[in-house]
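K.L.:
What follows is a structure written as structure tokens; I'll ask about it next.
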Amino acid sequence: MKKRKILLLEPNYKNKYPPIGLMKIATYHRLLGDDVHFYKGNLNDFVVQEITEDAIKKFTDIDSSVTWRHYYFEIKDYVKYGHDDNLKFIIYKSKKDSKLIELSCHYFRKYYTQKEYFKNPRWDRVLVTTLFTFYWKQTIETVEFAKKIVKDINNVKAGGVLASVVSKEFEAATGVKPDVGLLNKPGIYDDNDYIIDELPLDYSILEEIDYKYPETGSYYGYMSRGCVNKCKFCAVPIIEPKYENMITIGDKIKATREKFGEQKNLLLLDNNVLASEKFEEIIQEIKDAGFYKGAQFERSNYLDISINRIKEGYNKKAYIRKATRLFIELLDRLHGEEKQKMFDLLKEHYLLNEYTATEKDVLAVYKECKDLYEQKRLKSKMNRYVDFNQGLDARLMTDQKMKRLSEIAIHPLRIAFDNWKLRETYEKAIRLAAKHNIKHLSNYILYNFEDKPEELYHRLRINVDLSDELGVRIYSFPMKYHPIMDPKYFQNREYIGTYWNRKYIRAIQAVLNSTKGKIGTGKSFFNKAFGANEQEFRKILYMPETFIIYRMKFEESGWTDRWWNAYCSLTDSQKEIANKVIHSNKFENIQVYRKYPQVYKVLQYYTISKDFNPEILNRTSIEEKELLKI
């Protein structure tokens, strides 16, 4: 098969974990001998980068006596902005044919401004991963971009969560038929026997981009697929319709270790591993792979690995960048004369930035500093962790299963607590964890589904109380329900559950903003954040958002009490009027309620911004707020 140019695209949203599907696809296409590239970022910048690379190649053909990559940023800026200073700089650097270099500069500038790049598609296949449906706009834009740069639109491929759960809407919007579910059969893309979903991950593609995933440095995978439950809020039955009891992972870990170096943690994305008939075997394989309780991680020499990959021609672009980053990290660890010498070496070889790095420069600097790198690189051991990231089903937990979990480096143990009716089952699972000395726990707590706000409060409260009683640490992560398969809501986050309203949702989010999305174990902190009882929680739900976020500021100045006293003084009929506005969380046009003076007074508190000084307002009345224009 002819070598093809393959582009893997991830839309420019923020996400925590690398795109595992694309990492498998990268391995697949490299096995076929294809030229594989990965990009995540601004799509216009991608075009500029591509044209800049074309320009560097052309300039090198014209005048190979100049290492044009050293002037990557000047060339890139001219392509994008056309500044004369950049043009003069580039021409000046030419030693053989400055006139032809100048003409080439004008050509590539025009190639960009007149969108010639899109008139000459160069990619044989473009594959787009998709995530949450509320990233609809970014995802569709990425697919439309892929259609413009591929030679044949039939070779635009898209898969993942969004493409699977709203496949009909996706195809209607893009004209691209998505790959629904898993790539778990041979011959899906080409006529061969490779099963893409079973291939090891290509970690090298993560070095090609500027975006840094918050959770990296792990072995990623599944040891089971699917779920035996059919929860109404869950998309797993669509993406993974068939339950698989065990997927071996040991060989993939070994392959990753040998090619990309040791990874610290093991992150498993199983949706219901406790349902597996081979759970005991799964635990044993995890232990055999080096993730038993107390296991420690020791870093590989990633610079040596990078150099070896460069020499063998494996994704040179990625590993030239990786090696450059490692040189810069080494520089940061040095001091005094040693640091200055390393800085001068990197500067001489244009390795202070990965975009100006060349293979020749990287290999030259490696030769001079490989011993220093080995001496100075981080070698301290760290504890390893296993994370069943999607959470475990408390209904399937037994004493024996918890005992087996305690034998691996589980941290944290995640147990779902999506329904208040499961509180006894959930509490039993937590007590089993404590019995087997698993002390670091976490859970996802679904809200805004069929639950009431008070039920969310009590689920959070149970974790605080159990932490205190059992001497464990349970971190809660409240997760707002979003109907990702509902045509009315899948493109946004506007859905409001039966017992919820916009104000309640914003109040919870305001509290979570200050805790970075998680709820810890401290009882005093929880009482302050969510209230010491259900009545105080209800008060926080109604509290003006600014008062929640800047709690101390408004409490100490007395303004929280002023608001609460004003609200409590309303009659039932007045509260009915006020609550209608408060529940909508829209306070832009409250002037229409001036005919209800007491209601209007309460609503004014909700328009107070974070910028005003409560001490100034403390010396006046809330009615004068508008006159003060604060």
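K.L.:
For Lys14, indicate whether it is of a type in the set (Lys, Arg) and within 20 Å of Ala146 (Cβ to Cβ). Give the steps one after another, and end with the answer.
P.N.:
Working: of a type in the set (Lys, Arg): yes; within 20 Å of Ala146 (Cβ to Cβ): no.
Answer is no for this residue.
K.L.:
Filter the stretch 312-326 down to the residues that are touching a residue at least 24 places away in the same chain (Cβ under 8 Å) and not hydroxyl-bearing (Ser, Thr, Tyr) and list them by number.
P.N.:
Let us first name the residues in the stretch 312-326 that are touching a residue at least 24 places away in the same chain (Cβ under 8 Å), namely 314-326.
Residues satisfying the conditions are Asn315, Lys316, Lys317, Ala318, Ile320, Arg321, Lys322, Ala323, Arg325, Leu326.
K.L.:
Phe554 is checked against (1) surrounded by fewer than 17 Cβ atoms within 10 Å (Cβ to Cβ); (2) within 24 Å of Gln598 (Cα to Cα); (3) in contact (Cβ under 8 Å) with a residue 40 or more places away in the chain; (4) touching a Phe, Trp or Tyr at 6+ places or on another chain (Cβ under 9 Å) and fails just one. What number does that condition carry?
P.N.:
(1)
K.L.:
Pull out all pairs, ordered by first then second residue, where Cβ-Cβ is under 6 Å, the residues are six or more apart or on different chains, the first lies in the stretch 282-305 and is farther than 17 Å from Leu267 by Cα, and the second is charged (D, E, K, R).
P.N.:
If the second residue must be charged (D, E, K, R), the pairs left are Glu298/Lys381; Ser300/Glu262.
K.L.:
A further question on this structure: Kindly evaluate Ile140 against the criterion of being touching a Leu at 6+ places or on another chain (Cβ under 8 Å) and without any contact (Cβ under 8 Å) to a residue 40 or more places away in the chain.
P.N.:
Spelling it out, it is not the case that Ile140 is touching a Leu at 6+ places or on another chain (Cβ under 8 Å) and without any contact (Cβ under 8 Å) to a residue 40 or more places away in the chain.
K.L.:
Now a separate question. Mind checking which residues of the stretch 248-280 are within 25 Å of Lys230 (Cα to Cα) and either assigned to a helix (DSSP H, G or I) or without any contact (Cβ under 8 Å) to a residue 24 or more places away in the chain (or both)?
P.N.:
Those that are within 25 Å of Lys230 (Cα to Cα) and either assigned to a helix (DSSP H, G or I) or without any contact (Cβ under 8 Å) to a residue 24 or more places away in the chain (or both): Val273, Leu274, Ala275, Phe279, Glu280.
K.L.:
Now a separate question. With the requirement that a residue be assigned to a loop (DSSP other than H, G, I, E, B) and either under 23 Å from the mean Cα position of the chain (by Cα) or surrounded by fewer than 17 Cβ atoms within 10 Å (Cβ to Cβ) (or both), what does the stretch 1-31 give you? If you could, list the steps in order and put the result at the bottom.
P.N.:
Initially, the stretch 1-31 is screened for residues assigned to a loop (DSSP other than H, G, I, E, B), giving 1-4, 11-19.
Listed by number, the residues that qualify are Met1, Lys2, Lys3, Pro11, Asn12, Tyr13, Lys14, Asn15, Lys16, Tyr17, Pro18, Pro19.
K.L.:
Scanning for something part of a helix (DSSP H, G or I) and among the small types (Gly, Ala, Ser), does the stretch 474-497 turn up at least one residue?
P.N.:
Going through the stretch 474-497, the residues part of a helix (DSSP H, G or I) turn out to be none.
The answer is no, given that none of the residues of the stretch 474-497 is part of a helix (DSSP H, G or I) and among the small types (Gly, Ala, Ser).
K.L.:
Let me ask something else. Return only the number of the condition from (1) buried (at least 16 other Cβ atoms within 10 Å of the Cβ); (2) at pLDDT 95 or above that Gln535 does not satisfy.
P.N.:
It is condition (1) that Gln535 fails.
K.L.:
Something else about it: In the stretch 351-402, how many are surrounded by fewer than 18 Cβ atoms within 10 Å (Cβ to Cβ), in contact with a strand residue (DSSP E or B) (Cβ under 8 Å, 6 or more places away or on another chain) and charged (D, E, K, R)?
P.N.:
Total satisfying the criteria: 1.
K.L.:
Of the residues that sit in the stretch 142-190 and are in the same structural domain as Asn42 (by TED's automatic domain parsing) and of a type in the set (Ser, Thr, Tyr), which one is nearest to Pro200 (Cα to Cα)?
P.N.:
Ser164
K.L.:
Inspect all residues belonging to the stretch 125-141 and state whether any of them is assigned to a helix (DSSP H, G or I) and over 22 Å from the mean Cα position of the chain (by Cα).
P.N.:
The answer is no; no qualifying residue exists.
K.L.:
Return a yes/no flag: does the stretch 224-231 have any residue that is without any contact (Cβ under 8 Å) to a residue 12 or more places away in the chain, among the basic types (Lys, Arg) and assigned to a loop (DSSP other than H, G, I, E, B).
P.N.:
yes
The values are calculated or read from the model by the stated rules, or taken from the named source; none is laboratory data. Just so we're clear, the structure is a prediction, and the values are computed from it rather than from any experiment. All Cβ positions, even for glycine, are placed from backbone atoms using ideal geometry, and neighbour counts span all protein chains on display.
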